[in-house]
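Student: The following block contains the structure, expressed as structure tokens.
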Amino acid sequence: MTETAAVPTAPLRARAEIDLAALRANVRALRARAKGAALMAVVKSDGYGHGAVPCARAAVDAGATWLGTATPEEALALRAAGLDTRVLCWLWVPGGPWRQAVEADIDVSLSGLWALREVTEAARQAGRPARVQLKADTGLGRNGCQPADWPELVGEALRAEHAGLVRVTGLWSHLACADEPGHPSIDAQLARFREMVAYAEEQGVRPEVRHLANSPATLTLPETHFDLVRTGIALYGISPSPELGTPADFGLRPVMTLSASLALVKHVPGGHGVSYGHHYVTPGATTLGLVPVGYADGIPRHASGTGPVLVDGKWRTVAGRVAMDQFVVDLGGDEPEVGAEAVLFGPGDRGEPTAEDWAQACGTIAYEIVTRIGTRVPRVYVNGEQEG
């Protein structure tokens, strides 16, 4: 099944065009980088703002054999959409929903005894074993089991497995500084991961997969690939770090193009204040264009005065503050038609800014730029059919 969206007969206020052919090509490029490992397509946060279900389907079409989510609700939504690919979900709080996950055949990540005990009880109620993966904290300091507590977690997981209540399907961890080549924590975490995996296997754990690599590690650290790589932001054609290289350097192509239709073009005199607080005042007689998206749509307010936009073939800059529903660009006397396209970011092929350009303008990372685009902006899927 493919996801499509009809192209509207009239211009949309705004649209996020999602190129599923680019996503499939990115999956193939990432698989080529990690030839000995399976690939997990991470589709948390609604596919990093791109749409979890359509992107998951496209990724599976291109060879992804696992899907990854943060929350159980995200994982269950994939099952509800008919995706039967292996799914790992890693962000749990007491109360679950463990039983629904067990019954949906979702692999659940465990970092502590409380989670193991809750999922074991859910498996007992469901009358079937839970698929569980044990997460080690090898140095990131977020989720994951500390080395000192690892023997107890492994031991209790094995006892639950022997009782037929769980199946330990994976051992995994997450890197803190994979986007900083040469950082000493990388080798330290890799060594700790190997030690913790070796201990679990010596005790009798037989995992289907051992995994450590995120997007930057998939691209630059082959020694971290193990049995499976977890690709998130790279799947969507965005480099995990400008220092590592551009998307093109890795054979990736940005998947999302965000654009809007100009809602107004008007002449104003010099000395005219623009938007709240008059942080921008026109230096002379000019034309202003109104772009009908704002921070309620996910346009960062931090882009006030800095965010780049392509209008009428030229880069413009957000003039004054980004408001809730709109912002202004100074067109410098140019007079594009009302309804003309304003491209906030895309692959850059047509000279438009990229998500990385917006990240630089806002002092953030490109992950945040694409993920925060809100539900008022419709996703329009193109190239939904698999080639060949």
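The values are calculated or read from the model by the stated rules, or taken from the named source; none is laboratory data. Keep in mind that what you see is a predicted model, and the values were worked out from it rather than measured. Neighbour counts run over all protein chains shown; Cβ positions are idealised from the backbone, glycine included. SASA here: full protein model, heavy atoms, side chains in, ligands and nucleic acids out. Shrake-Rupley method; radii C 1.70, N 1.55, O 1.52, S 1.80 Å.
Student: At a Förster radius of 22 Å, what calculated FRET efficiency corresponds to the Cβ-Cβ distance of Trp315 and Asp349, to the nearest 0.05?
Tutor: With R0 = 22 Å, the Cβ-Cβ based efficiency is 0.90.
Student: Once the dipole of the chain is set up with Lys and Arg at +1 and Asp and Glu at -1 on Cβ about the Cα centre, which of Gly144, Pro247, Gly346 lies farthest towards its positive end?
Tutor: Gly144
Student: Still on this model: So what does Arg13 come to for accessible area, using a 1.4 Å probe and Å² rounded to 10?
Tutor: In the full protein context, Arg13 sits at about 90 Å².
Student: So, one more: Put a dot 7 Å past each Cα toward the Cβ at His162 and Arg194; how far apart are the dots in nm?
Tutor: For Arg194 paired with His162, the spin-label model returns 3.0 nm.
Student: Something else: With a 1.4 Å probe and every protein chain kept in, tell me what percent of the accessible surface of the chain is carbon plus sulfur.
Tutor: So the carbon and sulfur contribution to the accessible surface is 51 percent.
Student: Just checking my list (1) 64, 57, 38; (2) 78, 44, 43; (3) 59, 56, 54 against Cα extents along the principal axes in Å computed from this structure; which label fits?
Tutor: Recomputing Cα extents along the principal axes in Å here gives the entry labelled (2).
Student: With +1 on each Lys and Arg Cβ and -1 on each Asp and Glu Cβ, how big is the dipole of segment 140-268 about its Cα centre, in debye rounded to the nearest 20?
Tutor: Magnitude of the dipole: close to 580 debye.
Student: Of Asp149, Asp19, which has the most accessible area with a 1.4 Å probe, and how do the rest follow in descending order?
Tutor: Asp149, Asp19
Student: Whenever you get a sec, line up His278, His225 from highest to lowest accessible area (probe 1.4 Å, protein heavy atoms).
Tutor: Sorted by accessible area, descending: His278, His225.
Student: Let me ask something else about it. Checking the cross-link filter: which lysines have an alpha carbon closer than 23 Å to that of Lys266, excluding same-chain neighbours under 8 positions apart?
Tutor: Lys314
Student: May I pose another question? Quick check: net charge around Trp114, other residues with Cβ under 13 Å of its Cβ, Lys/Arg +1 and Asp/Glu -1?
Tutor: Counting the neighbours of Trp114, the net charge comes to -4.
Student: Using only DSSP helix segments of four residues or longer, with each worth -39500 (n - 2.57), what per-residue ellipticity at 222 nm results for the chain after dividing by its residue count and rounding to 500?
Tutor: Rounded to the nearest 500, the figure is -8500 deg cm²/dmol.
Student: Could you give the accessible area per residue of the chain, probe 1.4 Å, as a whole number in Å²?
Tutor: Value for the chain: 41 Å² per residue.
Student: Another question, if that's okay. Report the label-to-label distance for Glu152 and Glu208 in nanometres (one decimal), using points 7 Å from each Cα along the Cα→Cβ vector.
Tutor: Here the answer is 2.9 nm between the modelled labels.
Student: Still on this structure, I have one more. Return the lysines within reach of Lys135: Cα separation strictly under 20 angstrom, same-chain partners fewer than 8 residues apart disregarded; answer none if there are no such residues.
Tutor: Qualifying lysines at Cα under 20 Å: Lys44.
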